Structures are given as structure tokens and as C-alpha cells.
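Right, one structure below, let's go through it.
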Amino acid sequence: MAGGITQTEYWNGEVGTRWARNQAVLDAVFAPLTEALFARAGLRSGASVLDIGCGSGATTLEAARRVGAAGRVTGADISAPLLAVARGRGGEAPGGAPVTFLEADVEQADLGSFDAALSRFGVMFFPESPRAFGNIRRMLRPGGQLTFLCWRSLPENLWVQVPREAVIPLLPEVPPPPAPDTPGPFRFADAEALGALLRSAGFGTVACEPVDRDVVLGRGETDAEAAGAAAHVALNLGPSSHLVRQAEPDLRARAEAAVTEALRRHASGGTVALRAACWLVQAG
Ligand SMILES: C[S@@+](CC[C@H](N)C(=O)[O-])C[C@H]1O[C@@H](n2cnc3c(N)ncnc32)[C@H](O)[C@@H]1O
């Protein structure tokens, strides 16, 4: 549940629509992390690949390019608006593997068998993680590897923490931290617990490597313009956006001003870049 609604409702509602509208922005922000994901996944030519929580399909299409025409790639997600964007990009992988986008809950659906599975931030939202990772394990052929990115802790992720710290003092009350082991972006910050979870789901080997990258939240002709663009990303798309999602226009305007000012302090040469801290996980 996210704020009293199911994950399916969440990713098919306003959040999914907003992500869908901003697909290009998000793909640009995540680009350095995507590179790390594929470098680690080491997809071989001709492989069949499952992209878990594929969203608007950037990583699905990149997988298709990497495995080539002899491969096969399936992107699975529960969000109809994000899948609509993904399907609309179908022609973006010339010479690549055929791609299928499926509306499916990876926690329980049987989507066939695959040589590899991957995910860019799509595995932290299962209501029952042991069941979901067990299901993913079953869909992997012998020797198949699951490779995914998830966030480390909130304080390590300055791209989320800096806007959050600017907004919190404006709110009538500080939002409570999420209950442990519930769907959410920082759920797998504890690598030891994550490793134990993956092993209990049937994975024999698990490696969690820290990956830190500066992600570009905004660019502009001036630092002020870059900070404005970065504030838009932080307040509409990033994990701090829930703080002001239901806010009255006045509070929202004050939050935008405060976040822009905070991000302006991190702008240089027309770019706002802040550290993103992830686990790059591989399990087989
Ligand atoms: C943070 S977004 C990441 C999307 C995409 N991988 C990207 O990097 O742009 C998380 C995605 O996981 C999807 N998701 C959440 N629970 C899911 C489930 N049980 N099965 C499949 N997809 C799920 C959401 O709909 C959403 O698209």
C-alpha cells in the first residue's frame, strides 16, 4: 500500500501518468546508473531477458539492442500509462531483439523462462518480496542472473535528501518514516537484509556493490534556470515528490521556491548534479 492505495492503483494513477509524461527527463537523470546496470548485467548476444518493472521501457529497449536480433526481451510492469509510452517507443531498437511489453505483476505472474533478468529501480515495490524474488528465480534458466539497481539509504542520496530538507520545515508535520519492509524506494538500503532475502528466495550467490553517481537534475542557460529545472524534477518525479503531492497551491509554491533555492547552492556551470547512491545487485 502507498498512502492507503495499492501499488497497482499508485502506478496507474497520477504518479504513473506523471512519470509517463516525463519519460525523457527520467531517462536522462538515470543515464549514468543505467550504464552501470548494463555493464554489470553483461547480457550475451542471443539471450532472452526479462525487464522487471520496466516502466516506460528505456532499459527494455537497451537490453534489446545489447542481445541483438537473435535475442528476445520482455518488459513487464503493472502501470498501463508507463507501458503505453513503452509500446510507443517500439521502433527505437533497430537491429535489436524483438520486444514484448506485458501488463503483469511480477510478484506472481509466470512470464516464461529467461537467461537473464534485470531491473532499474523496479523491484522495491512488491507487497511480498520473498514471494516476488522466488517467482523471479523460478523464471530464470539454470545459470541465469538477476541484476538490478535499488537505492541505498535516503541520507546517502543527496538528490533526494537536499530537496527533502528544504520542504520538511514548511510542512505542518514531519511525515512518519515508512513502516519497515513495506514497498518504497529505500526499502533495500540494508544490503545484508537484502542478501538474506534473496538467498531465502532461492538465489545461491548474491553480490551487492555500491554505486555512486552524480545525476543531473537540471540544466539551464544560468545556474538559476538549472535550479528551477532541477526543482521541477525533485518535486514532481523524485522520491521527495510525495511530500507536496496533495499540497495546497500556496504551500506548493513555497516548496518550489525553497527547493529551487536549496538546489541553486548545488548549481555550477548551468548544471545541478547531486549524488545518487545505489546498490548494484547481482544474484544467481
Ligand atoms: C521507480 S519505477 C521504475 C521504472 C523503470 N524501471 C525506470 O527505471 O524508469 C518502478 C516501476 O515498478 C513497477 N512495478 C511496481 N510493482 C510492480 C509489480 N508487482 N510488477 C511489475 N512492475 C511493478 C511500477 O509500475 C513502476 O513502473
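The values are calculated or read from the model by the stated rules, or taken from the named source; none is laboratory data. These numbers come from a predicted model, not from an experiment. Note that each Cβ is placed from the backbone with ideal geometry, even for glycine, and that neighbours are counted across all protein chains shown.
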Quick count over region 254-269, residues being among the aliphatic types (A, V, I, L, M), in a helix (DSSP H, G or I) and in contact with an Asp or Glu (Cβ under 9 Å, 6 or more places away or on another chain), is 1
In the list ARG219, ARG141, ARG152, which residue meets the criterion of being over 30 Å from ARG72 (Cα atoms), touching a Ser or Thr at 6+ places or on another chain (Cβ under 8 Å) and of a type in the set (Lys, Arg)?
ARG219
So which helices (runs of 4 or more DSSP H) are wholly in region 1-76 and hold at least 3 residues that are more than 10 Å from the ligand (Cβ to nearest atom) and aliphatic (A, V, I, L, M)?
23-41, 58-67
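Would you please name the residue that is farthest from the chain's Cα centre (by Cα), looking only at residues in region 174-186 that are touching a residue at least 12 places away in the same chain (Cβ under 8 Å) and surrounded by fewer than 15 Cβ atoms within 10 Å (Cβ to Cβ)?
PRO175
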For region 221-253, what are the residues that are assigned to a loop (DSSP other than H, G, I, E, B), of a type in the set (Val, Ile, Thr) and either under 12 Å from PRO163 (Cα atoms) or at pLDDT below 90 (or both)?
VAL244
Does ALA86 meet the test of being of a type in the set (Gly, Ala, Ser), out of contact with any strand residue (DSSP E or B) (no Cβ under 6 Å at 6 or more places or on another chain) and within 15 Å of the ligand (Cβ to nearest atom)?
no
Among the residues of region 157-197, count how many are touching a Lys or Arg at 6+ places or on another chain (Cβ under 8 Å) and farther than 30 Å from GLU128 by Cβ.
2
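Condition check ((1) surrounded by 13 or more Cβ atoms within 10 Å (Cβ to Cβ); (2) of a type in the set (S, T, N, Q); (3) not in a helix (DSSP H, G or I)) across all residues:
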residue: PRO130; (1), (2), (3): yes, no, no
residue: ARG141; (1), (2), (3): no, no, yes
residue: PHE148; (1), (2), (3): yes, no, yes
residue: TRP159; (1), (2), (3): yes, no, no
residue: PRO172; (1), (2), (3): no, no, yes
residue: GLY195; (1), (2), (3): yes, no, no
residue: ARG199; (1), (2), (3): yes, no, no
Only one residue in ALA109, ALA117, ALA166, ALA93 is more than 25 Å from HIS242 (Cα to Cα), away from the ligand (no atom under 15 Å from the Cβ) and touching a helix residue (DSSP H, G or I) at 6+ places or on another chain (Cβ under 8 Å), so which one is that?
ALA93
State whether one or more residues within region 157-164 are modelled with pLDDT under 95, touching a Gly at 6+ places or on another chain (Cβ under 7 Å) and within 28 Å of THR8 (Cα to Cα).
no
